[in-house]
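The values are calculated or read from the model by the stated rules, or taken from the named source; none is laboratory data. Nothing here was measured: the structure is a model prediction, and the numbers come from that model. Cβ atoms come from the backbone with ideal geometry, glycine included; neighbour counts cover every protein chain shown. For the accessible areas, the whole protein counts, side chains as well, though only heavy atoms, and no ligand, DNA or RNA atoms are used. Shrake-Rupley method; radii C 1.70, N 1.55, O 1.52, S 1.80 Å.
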Amino acid sequence: MRYGWLAAVFLACVREPGTDTDSDPAPELVQQVDTFRQIGVPPVDILFHVDRSDSMADAAANVVRNAGVLITTLSSLDVDARVAAVAGVQGCIVGDVSSVDPSTSPADAVEALRTMVDFDGELTPSSANESRAFTAFEAALAPERVGSEGCNEGWRRDGAFLSLVAVSDAPEQSEHAWNHYLDALRDAVGADE
C-alpha cells in the first residue's frame, strides 16, 4: 500500500493579552508540526464527453491525440485509473474496448478513445445538439447502462472516485437544470452530498 505524508508547520507569535504591540520586544516564535498520513490512493474512473459538432473538429481530435499522454502520465503517477469516453447523448461507451488504463499502450489508448468518441457517427448517431454533456453523463451512469448487460457494464467501479470531463466550445445545453443532473450523478455514485 502506498503512503503519502503531509506535514504542516505553523509558526505563531506569542503575546500576553492586552500588551502594546508597538513597544513589545520581538515576539517569541513557537513551532508546531502536525503530520497527516494518507493510506493508499483510491482508484478513479474518468469519463469524457466530447462534443462532435463541426466547430469542435480540431479540439476533439486533439483530445483523442493526447489520450496517450494522459495514460503515460497516469502510469507515471501510479494511479489506478480507467478512462473512457461517450459521444452523443445516448451515454454508451462504444467499440471493442470499454476503457483504457495505465497498462494500455499510448497508441492503443489513442485508438480506443478515437473509437469511443466516434467522430464519424458510425457507432453512435450524431445529434443536432452535441453540447449536452450532463445528459450524456446521466445516461452513461444510469443503472440500466452500468448494470448487467448494459452498454457500460463493468466500467464503473465501486469505491472509485468519478471524474467527468466535458469538452465543448459551446455552453452546456442539457434539457434540465444543473441540480437535476447533480442529484442524478450523486445517486449514480451513491454520494450523500
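Name the strands (runs of 3 or more DSSP E) wholly inside the range 28-89 in which the number of residues that are of a type in the set (Val, Ile, Thr) and either open to solvent by 50 Å² or more (accessible area, probe 1.4 Å) or modelled with pLDDT of 90 or more (or both) is 3 or more.
Details: elements: 28-39, 44-50, 81-86.
Fully inside the range 28-89 and qualifying: 28-39.
Can you report the number of residues in the range 92-117 which are small (Gly, Ala, Ser) and buried (at least 24 other Cβ atoms within 10 Å of the Cβ)? Break it down stepwise before answering.
Going through the range 92-117, the residues small (Gly, Ala, Ser) turn out to be 95, 98-99, 103, 105, 107, 109, 112.
The next check asks that each one be buried (at least 24 other Cβ atoms within 10 Å of the Cβ); those that pass are 109, 112.
Residues in the range 92-117 being small (Gly, Ala, Ser) and buried (at least 24 other Cβ atoms within 10 Å of the Cβ): 2 in total.
May I ask you to list the residues in the range 55-86 that are under 20 Å from Asp169 (Cα atoms) and without any contact (Cβ under 8 Å) to a residue 40 or more places away in the chain?
Result: Asp58, Asn62, Asn66, Ala85.
Of the numbered conditions (1) under 23 Å from Arg82 (Cα atoms); (2) free of Cβ contacts under 8 Å to residues at least 24 places away in the same chain, Asn179 satisfies every one except a single condition; which is it?
Unmet for Asn179, out of (1) under 23 Å from Arg82 (Cα atoms); (2) free of Cβ contacts under 8 Å to residues at least 24 places away in the same chain: (1).
Residue by residue, here is whether (1) in contact with an Asp or Glu (Cβ under 9 Å, 6 or more places away or on another chain); (2) under 27 Å from Gly68 (Cα atoms) holds:
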site: Cys92; (1), (2): no, yes
site: Val117; (1), (2): no, yes
site: Leu141; (1), (2): yes, yes
site: Glu149; (1), (2): no, no
site: Gly159; (1), (2): no, yes
site: His180; (1), (2): yes, no
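Counting just the residues of the range 75-90 that are touching a helix residue (DSSP H, G or I) at 6+ places or on another chain (Cβ under 8 Å) and hydrophobic (A, V, I, L, M, F, W, C), which one comes out nearest to Glu138 (Cα to Cα)?
Val89
Among residues belonging to the range 136-193 that are of a type in the set (Phe, Trp, Tyr) and open to solvent by 60 Å² or more (accessible area, probe 1.4 Å), point out the one that is nearest to the chain's Cα centre (by Cα). Quick ask: steps written out before the conclusion?
Step one: list which residues in the range 136-193 are of a type in the set (Phe, Trp, Tyr), which gives 137, 155, 161, 178, 181.
Restricting the remaining residues to those that are open to solvent by 60 Å² or more (accessible area, probe 1.4 Å) gives 161, 178.
Details: Phe161: 8, Trp178: 18 Å.
By that ranking, first place goes to Phe161.
If I ask for residues that are closer than 17 Å to Val165 by Cα and of a type in the set (D, E, K, R), which ones from the range 56-97 would you list?
Across the range 56-97, the qualifying residues are Arg65, Arg82.
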